[in-house]
Amino acid sequence: MTDHMKYHELNLDGLASPTHLFSGLSHGNIASETHKGSISNPKAAALQGLAKMKYLADLGLKQAVMPAQLRPRLDILRAQGFQGDPESILKQAYEQDYELFCAVSSSSSMWTANAATISSSLEAKTLTITPANLSCKFHRSIETIETAQRLQTIFPQANHKPALDLMLSDEGAANHTRLAPSHSKPGIDLFVYGYSLENPKILAPNIFTARQALEASQTIIQNHGLDLQRTVLAQQSIKAIDAGVFHNDVISTGNLNLFLYHEYSFENQSQVIEELASKYKATTNEELVLIEVKDSEISLKQAVSSYLFNSQIVSLDDGSMLILAPIECKENKAVNQFLTKLIKVNNPISQIEYFDLRESMNNGGGPACLRLRVLVSDEELAAMNPHYLLNDELYGKLVTWVKKHYRDRLEPKDLLETGFYHGIEAAFDELESILSQQS
Ligand code: SUG
């Protein structure tokens, strides 16, 4: 049935919220820890993200927007016993539980690669969505309910599964890669985990905590009805996690028939790569293009600081691929040399575009963290909620909205200012009205 249907990759990018801060909330994410206490620029964060969306939409790619989530979460503070009007609740929390105050103010829903795991109807029977529970980090776990509701609104026709039990820590698409000869042909799925709840033979990292449980990935594979002959489960390299690779999309990436990965991406790496290549061949009757980057060429440290593997690789209409890399890749000599060479040698990538996404990058979120890939057929695209698709009109309205409501300098204490919270509430009402009037 699906053989002759045309599929498209739709990127659903998260919008930074007006309370984008550098609070150092993610232990194991080196950029987040390094920038703790720096002054943030929420306006730039949102505009940088919108510029990436607009660029890709202008290339003719399908682009949608995941609205920011309202923060700070007063409901959570109230549940913790803080009482009174918004100003006094925020003041008490700031003074008595600063960590909690920062966690409920985080703009982390902008990194939609962690919003959900999505299987296309070429791999599952129908477009199937499991929102990620993000249970490993408190500030991220509070995204899930709203994310799930929003995904239901955007994709009313999809098969929406409940988020996994909180014991099964799940970080969504950041640990999932689909590889296929074209968007419209069936492919294979790679799922990457960092630790196991049950299997003592799977060793955990020594310095940082692994975020994705093996049992979470297995449950998703089962719940989405994926074929095990077309699925590869791999353990993330312990060495990499301890070097700050907190998600697989910081150390390997794939687009269609191309898999680009660092020498230290997986435990038992040669077996993982062999399994990927053979399952790909068995499924598609074609060869997977494998590009391994040696540690001697780009060290784990350089991979983490430049976010090379978090570049967003997209396919253009002429069949070529473009790599949208963070500007940090241009600034790093070894990485810049690698990319310059990459587009000259024989592989599908023929263009690089560098983007300034520094506000997101300084919290450990590169181009690929900011987007959730959704593979949709013509029919599924027609059934989605059109209000979230980025066109020139929506882009213009969102830029105006951001310029009106976002600050270009923000520290946690600014959230205590009289009227700040009410200003944010008004901004979010306006955002909903922009989205509902969208043509
Ligand atoms: O979960 N940073 C996010 C970055 C997520 C990146 N996503 C992918 N790799 N797909 C995280 O660590 C930092 C927030 C702060 O420190 O204020 C933060 O949550």
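Going through (1) without any contact (Cβ under 8 Å) to a residue 60 or more places away in the chain; (2) among the hydrophobic types (A, V, I, L, M, F, W, C); (3) within 16 Å of the ligand (Cβ to nearest atom) one by one, residue 142 falls short only on (1). Quick one: is residue 358 in contact (Cβ under 8 Å) with a residue 12 or more places away in the chain, within 16 Å of the ligand (Cβ to nearest atom) and either out of contact with any strand residue (DSSP E or B) (no Cβ under 9 Å at 6 or more places or on another chain) or open to solvent by 60 Å² or more (accessible area, probe 1.4 Å) (or both)? Yes; evaluated as a whole, the condition is true for this residue.
Note on the stretch 319-355: residues that are over 20 Å from residue 243 (Cβ atoms) and more than 16 Å from the ligand (Cβ to nearest atom) total 25.
Scanning for something surrounded by 21 or more Cβ atoms within 10 Å (Cβ to Cβ), under 18 Å from residue 394 (Cα atoms) and touching a Pro at 6+ places or on another chain (Cβ under 9 Å), does the stretch 60-83 turn up at least one residue? Within the stretch 60-83, one or more residues are surrounded by 21 or more Cβ atoms within 10 Å (Cβ to Cβ), under 18 Å from residue 394 (Cα atoms) and touching a Pro at 6+ places or on another chain (Cβ under 9 Å). The helices (runs of 4 or more DSSP H) found wholly in the stretch 328-439 and carrying at least 3 residues that are within 28 Å of residue 90 (Cβ to Cβ) occupy 358-361, 392-405, 420-437.
The set of residues from the stretch 1-18 being closer than 22 Å to residue 394 by Cα and either modelled with pLDDT under 95 or part of a loop (DSSP other than H, G, I, E, B) (or both) comprises 15, 16, 17, 18.
Each row is one residue, and each column tells you yes or no for (1) more than 24 Å from the chain's Cα centre (by Cα); (2) in a loop (DSSP other than H, G, I, E, B).
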position	(1), (2)
203	yes, yes
217	no, no
271	yes, no
277	yes, no
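For the stretch 124-167, the tally of residues that are of a type in the set (D, E, K, R), open to solvent by less than 20 Å² (accessible area, probe 1.4 Å) and assigned to a loop (DSSP other than H, G, I, E, B) stands at 1.
When you go through 23, 32, 17 one by one, which is the residue that is within 13 Å of the ligand (Cβ to nearest atom) and in contact with an Asp or Glu (Cβ under 9 Å, 6 or more places away or on another chain)?
Exactly one residue qualifies, and that residue is 23.
Taken together, the residues in the stretch 224-269 that are part of a strand (DSSP E or B) and within 16 Å of the ligand (Cβ to nearest atom) amount to 8.
Can you find even one residue in the stretch 108-116 that is over 18 Å from residue 133 (Cα atoms), open to solvent by less than 20 Å² (accessible area, probe 1.4 Å) and either within 21 Å of the chain's Cα centre (by Cα) or more than 10 Å from the ligand (Cβ to nearest atom) (or both)? Scanning the stretch 108-116 turns up no residue that is over 18 Å from residue 133 (Cα atoms), open to solvent by less than 20 Å² (accessible area, probe 1.4 Å) and either within 21 Å of the chain's Cα centre (by Cα) or more than 10 Å from the ligand (Cβ to nearest atom) (or both).
Taking the conditions (1) within 20 Å of residue 176 (Cα to Cα); (2) among the charged types (D, E, K, R); (3) surrounded by fewer than 17 Cβ atoms within 10 Å (Cβ to Cβ) in turn, residue 286 satisfies each one other than (1).
Yes/no per residue for (1) surrounded by fewer than 22 Cβ atoms within 10 Å (Cβ to Cβ); (2) among the small types (Gly, Ala, Ser); (3) touching a Cys at 6+ places or on another chain (Cβ under 8 Å):
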{"site": "229", "(1), (2), (3)": "yes, no, no"}
{"site": "237", "(1), (2), (3)": "no, yes, no"}
{"site": "245", "(1), (2), (3)": "no, no, no"}
{"site": "251", "(1), (2), (3)": "no, no, no"}
{"site": "259", "(1), (2), (3)": "no, no, no"}
{"site": "265", "(1), (2), (3)": "no, yes, no"}
{"site": "269", "(1), (2), (3)": "yes, no, no"}
{"site": "282", "(1), (2), (3)": "yes, yes, no"}
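Among the criteria (1) of a type outside the set (A, V, I, L, M, F, W, C); (2) more than 30 Å from residue 123 (Cβ to Cβ); (3) modelled with pLDDT under 95, the one residue 347 does not fulfil is (2). Counting only residues that are open to solvent by 20 Å² or more (accessible area, probe 1.4 Å) and in a strand (DSSP E or B), the stretch 168-197 holds 4 of them. Any residue at all in the stretch 32-40 that is surrounded by 21 or more Cβ atoms within 10 Å (Cβ to Cβ) and aliphatic (A, V, I, L, M)? No. Checked against (1) open to solvent by less than 30 Å² (accessible area, probe 1.4 Å); (2) more than 27 Å from residue 87 (Cα to Cα), residue 415 passes all but condition (2). Tell me whether the stretch 96-104 contains one or more residues that are crowded, with 21+ Cβ neighbours inside 10 Å and aromatic (Phe, Trp, Tyr). Yes, the stretch 96-104 contains a residue that is crowded, with 21+ Cβ neighbours inside 10 Å and aromatic (Phe, Trp, Tyr). When the residues of the stretch 161-216 are filtered to those that are charged (D, E, K, R) and within 16 Å of the ligand (Cβ to nearest atom), which remaining residue is farthest from residue 141 (Cα to Cα)? Once the filter is applied, the top-ranked residue is 178.
The values are calculated or read from the model by the stated rules, or taken from the named source; none is laboratory data. Remember, it's a predicted structure, so these values are computed and weren't measured experimentally. Using ideal geometry, Cβ is built from the backbone for each residue, glycine included, and neighbour counts are taken over all protein chains shown. Only protein heavy atoms, including side chains, enter the accessible area calculation; ligands, DNA and RNA are left aside. Shrake-Rupley method; radii C 1.70, N 1.55, O 1.52, S 1.80 Å.
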